[in-house]
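Undergrad: For reference, the structure I am asking about is given below.
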Amino acid sequence: MSDLSAAEPYATATFIPEIGPELIITVRAGQNPDAPHHGTLSIGDWTVPCAVGRSGIVDPALKREGDGATPAGRFALRYGYYEPGVFADAEMAALAFPFKPKPDSYDWIENPASPDYNRMRARSHNEPPPDRAPGLFDIFIPLGWNDAVPRAAGGSAIFLHAARREMTGTAGCVAVPHDQLLNLARRLRPGMIIEIAAPEQMTEALALPDSLESVTFHSLRAGPRVIVTGAVHGNEVCGPKAITRMIAEFRAGRRKLLCGSVTFVPVVNPMAYRLDRREGERNLNRNLRDYPVPQVNEDRVANVLCPMLRAHDVLIDLHSFGADGPAFALFGPDAPGSDLEPYARPIEERRLVGALGLPFAVQGWMPAHLKALTQQGRAQEIGHAIGTTEFMRFTGGAAITVECGSHKDPASIGVAYDVVARGLAALGLIMAEAGTPPAPPTILHIGDAIFAESDEDRLLRTYVTGEPVRAGEVIGQRADGRPITAPHDGAVIFASGTVKAGTEMCFLCRPGDPG
């Protein structure tokens, strides 16, 4: 991994040649995982507190519109703007750095679909003014991020500006206290750059729509070949963030590989990830197979992913879910060697699931789909249910899916990281952390998959993951008004608020064997 203090540019940042330290503004944040936006900004021996994006600092290849993250890297400062009613024209004109009076009416375009994306544009007379908190932009300096040839949804409007009084996280900008704005402006010089980094910076994950990156570490001793994947669904960010942290630790020597190999794929579905959507053009985690004649993005991804899975022994696939609730794992069927789903390595999957410290684990994915499809006269469509873990089992490998928590819960990143560390330790690839072994999870069995018959079918409310329901309880409504009832007592998982006809609305689980 490149040293973030070195003067080499990031591939996704504006190219900046070697310059002296007197022209570098240093921003460091993320030392406190509970407040990743808290940091410091330094110019020489002058240091002030600063706030970065509410989601912390992210590798530039993982930056996308609306994620609340500040991109890491080195970026040019070319010019700035000031509020004439707050700062005198003569005072600002006397500064070494070029500042311009702020226009009376302007917008900075943050809509990725606009041809003016990440550009300042004059606002027409009938456009409402943007909703900006007073004082935040009395002085602001655009950073050279995604501005030469803007990538749609690659992030926009990354500025240096004033922080809120509480120093809360920004939408991605770097902010200093308002009373330090003029002190900052006086220290700026033409040709300056800003260097933004976190203590353990993530630099390896690639999330470009036309490529997929993997990073593999090999031990010189024989052992399992493990693959760890993230962002099979593009709106599930815990996997990429946890995986890139783990890559950084291996590269820095903080993790040692004892045997075998581990392949990390931080972003499996780059198009969906860039668009912050579950899927690019279809759900990659359904009908997963090789496609001799690929038609859409996910077909092309599958043609890269499937050979990678076949080349490994064990898969740990990191996901998150839309509802609230605890993390859990999914593993293979009840019995090995079934016609529906080969299961050559049940003991390894059980042992792996038991080592993760999760409250419960679920099995029965394929039988539940077959039952629901048979009831609809669609049993021949069972291939719909095959995703990464099912494909892995068909190749003779072991595989688990880990749902690390809610999409928007920052704690899901820590869960994903712990799952990778505990999983690799359980497989003997790295040293286990000292401590008491985790309690075994409660085992649940998926009894039924509830499918939508219409795009307008709805659940009655948002169900928390693992929430109990009673047999006969009304849990939803069909588009024609018919009630959807729970077929048996159980716990709800994967409850979806918006669905398409023929896809899963939720799953109902029963207690399984204790394993």
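Undergrad: Nearest 500 deg cm²/dmol is fine: what mean residue ellipticity at 222 nm does the chain get from its DSSP H runs of n ≥ 4 alone, each adding -39,500 (n - 2.57), divided by its residue count? If you can, show how the numbers build up before the last one.
TA: Values: 9 runs with 89 residues, N = 515.
That comes out to -5000 deg cm²/dmol.
Undergrad: Among the aspartates and glutamates, select those whose C-alpha is under 18 Å from the C-alpha of LYS371, and discard any that sit fewer than 8 residues away in the same chain.
TA: Here the aspartates and glutamates satisfying the reach criterion relative to LYS371 are ASP334, ASP339, GLU341, GLU381, GLU390, ASP448, GLU453, ASP489, GLU504.
Undergrad: Non-local amide H neighbours of ARG282 (under 5 Å, H modeled in plane, Pro and chain starts lacking H): which ones?
TA: Amide H neighbours of ARG282, under 5 Å, 5+ apart: GLU298.
Undergrad: Quick one: helix 411-426 against the long Cα principal axis of the chain, what's the angle to the nearest 10°, folded into 0 to 90?
TA: 60
Undergrad: Pull out the extension gain between ALA222 and THR47, defined as 0.36 nm times the separation in residues minus the alpha carbon to alpha carbon distance; nm, one decimal.
TA: Working: separation 175, 0.36 × 175 = 63.00 nm, distance 4.98 nm.
Contour length minus Cα-Cα distance gives 58.0 nm.
Undergrad: So how do 137-145, 374-382, 157-165 stack up, highest first, on mean other-Cβ count within 10 Å? Before the final figure, lay out the partial values.
TA: Numbers: 137-145: 22.7, 374-382: 12.2, 157-165: 21.1.
Top of the packing list down: 137-145, 157-165, 374-382.
Undergrad: Shifting gears a bit: Modelled label-to-label distance, ASN235 and ASN303, 7 Å Cα→beta-carbon offset: nm?
TA: Each label point lies 7 Å from its Cα, and together they span 2.9 nm.
Undergrad: Can you give the alpha-carbon Rg of region 21-197 over 2.2 N^0.38 Å, where N counts its residues? Don't skip to the answer; put the middle values down first.
TA: Working: Rg = 15.5 Å, N = 177, 2.2 N^0.38 = 15.7 Å.
Expressed relative to 2.2 N^0.38 Å, the Cα Rg reads 0.98.
Undergrad: Let me ask you something else. What is the extension gain from ASP210 to THR485, computed as 0.36 nm multiplied by their sequence separation minus the C-alpha to C-alpha distance, in nm to one decimal? Before the final figure, lay out each step's value.
TA: Numbers: separation 275, 0.36 × 275 = 99.00 nm, distance 4.37 nm.
Extra length from ASP210 to THR485 when fully extended: 94.6 nm.
Undergrad: Now a separate question. Give me the net charge for the shell around ASP455: Cβ to Cβ below 14 angstrom, other residues only, Lys and Arg +1, Asp and Glu -1. The partial results should precede the final answer.
TA: On the way: positive: ARG458, ARG478, LYS500; negative: GLU453, GLU456, ASP457, ASP480, GLU504.
Charge balance in the 14 Å sphere: -2.
Undergrad: Could you give the dipole magnitude of the chain about its Cα centre, charging the beta-carbon of Lys and Arg +1 and that of Asp and Glu -1, in debye to the nearest 20?
TA: On the way: 49 positive and 60 negative charges, 117 e Å.
Using only the charged Cβ atoms, the result is roughly 560 debye.
Undergrad: Which of LYS63/LYS408; LYS63/LYS102; LYS241/LYS500 have a Cα-Cα distance over 20 Å? It would help to have the intermediate numbers written out before the result.
TA: On the way: LYS63/LYS408 16 Å; LYS63/LYS102 27 Å; LYS241/LYS500 29 Å.
Cα-Cα > 20 Å for LYS63/LYS102; LYS241/LYS500; rest within.
Undergrad: What distance in nm lies between label points placed 7 Å from Cα along the C-beta direction at ALA471 and ARG123?
TA: 6.1
Undergrad: Using amide H atoms built in the peptide plane, which far-off residues or other-chain residues are under 5 Å from PHE360 H to H?
TA: Answer set, sorted by chain and number: ALA329, THR442.
Undergrad: The chain: Rg/Rh from Cα coordinates, Kirkwood Rh?
TA: Values: Rg = 25.3 Å, Rh = 24.9 Å.
Using Cα coordinates only, the ratio equals 1.02.
Just so you know, all these numbers are worked out from the coordinates, no wet-lab data involved. Just so it is clear, the model here is predicted, and its values are computed rather than measured. Backbone-built Cβ (ideal geometry, glycine too); neighbour counts: all protein chains shown.
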